[in-house]
1. Among (1) open to solvent by less than 30 Å² (accessible area, probe 1.4 Å); (2) small (Gly, Ala, Ser); (3) at pLDDT below 95, where does Gly81 come up short?
2. Considering only the stretch 1-17, how many residues are outside any helix (DSSP H, G or I) and buried (at least 17 other Cβ atoms within 10 Å of the Cβ)?
3. Output the residues belonging to the stretch 1-42 that are within 21 Å of Asp71 (Cβ to Cβ), among the small types (Gly, Ala, Ser) and in contact with a Gly (Cβ under 7 Å, 6 or more places away or on another chain).
4. If you take the residues in the stretch 135-160 that are in a loop (DSSP other than H, G, I, E, B) and under 18 Å from Glu95 (Cα atoms), which one is most open to solvent (accessible area, probe 1.4 Å)?
5. Tally time: how many residues in the stretch 114-130 are assigned to a strand (DSSP E or B), open to solvent by 10 Å² or more (accessible area, probe 1.4 Å) and either charged (D, E, K, R) or within 30 Å of Lys4 (Cβ to Cβ) (or both)?
6. Could you list, in sequence order, the residues of the stretch 88-105 that are small (Gly, Ala, Ser), out of contact with any Pro (no Cβ under 9 Å at 6 or more places or on another chain) and more than 14 Å from Ala139 (Cβ to Cβ)?
7. Test Leu99 against the stated conditions and say whether it is at pLDDT below 95, open to solvent by less than 40 Å² (accessible area, probe 1.4 Å) and closer than 20 Å to His160 by Cα.
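The values are calculated or read from the model by the stated rules, or taken from the named source; none is laboratory data. What you are looking at is a predicted structure, and each value in this text was computed from that prediction instead of being measured. Heads up, the Cβs are rebuilt from the backbone with ideal geometry, glycines too, and the neighbour counts pull from every protein chain shown. Remember, those area values only see protein heavy atoms, side chains included, never the ligands or the DNA or RNA. Shrake-Rupley method; radii C 1.70, N 1.55, O 1.52, S 1.80 Å.
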Amino acid sequence: MGLKERRDIAHLYGHTPRGVLFTLVEMRGGSSHTAGARLYSVVDGRSAGSVSAGWIEAELLQRADSAARTDAQMRIIRTAGAEAHLLAEPSDTPEVVALMEAVEATLQGELRSVVTVLPEAGISLLRFVMDERGDVLFASDLLETEDLVPMRRAARSSTHGAVHALAQRRIFVEHLEPAGSEQEIMNNTLHTEKR
């Protein structure tokens, strides 16, 4: 997810925190978007970010209202030659709040790693966020201390967008890179202060 998308999503979320956050976990075929691309949609129809070249967005925006009222879930959207695996999360959960705080931190020049236990039959979405030193900044209430060690290890040894099986769960690892230059950080600081 590029700097502009992160900034746009953070801005819309900051002004309208009730919506649904879609994250591209895996794409098979037909799109230049990579794992970790995001689309944030609010109930009045506004959205920020992108998870595809447009063909998925229309489908997601039609489903956004109902997705905002359910628990986090995986969705698969298929079209000719492509299949997108997306995580849909209502934005009023502690897990989304922590993720958005991580996105905001990257806009201020800080690295964040995010490990998400993907929701599946009988498994709820769980998440933990750590800084570049490996300090845990957030962990879902249902994560036990002994869960964090292998998740931290997976985060440290995985590339961005990796999906792994870990203790009979599927985890999605993201490394949210910081804004690159001092000028980008200054622009993001000014942008954040205007809100």
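1. Checking Gly81 against (1) open to solvent by less than 30 Å² (accessible area, probe 1.4 Å); (2) small (Gly, Ala, Ser); (3) at pLDDT below 95, the one that fails is (1).
2. Of the residues in the stretch 1-17, 1 are outside any helix (DSSP H, G or I) and buried (at least 17 other Cβ atoms within 10 Å of the Cβ).
3. Selection gives Ser41 alone.
4. So, considering only residues that are in a loop (DSSP other than H, G, I, E, B) and under 18 Å from Glu95 (Cα atoms), the one most open to solvent (accessible area, probe 1.4 Å) is Asp141.
5. Going through the stretch 114-130 one residue at a time, the tally reaches 2.
6. So the first thing to find is which residues in the stretch 88-105 are small (Gly, Ala, Ser), and the list is 88, 91, 98, 102, 105.
Next, only the ones that are out of contact with any Pro (no Cβ under 9 Å at 6 or more places or on another chain) stay: 88, 98, 102.
Of everything in the stretch 88-105, just one residue is small (Gly, Ala, Ser), out of contact with any Pro (no Cβ under 9 Å at 6 or more places or on another chain) and more than 14 Å from Ala139 (Cβ to Cβ), namely Ala88.
7. Here the answer is no, as Leu99 does not meet what is asked.
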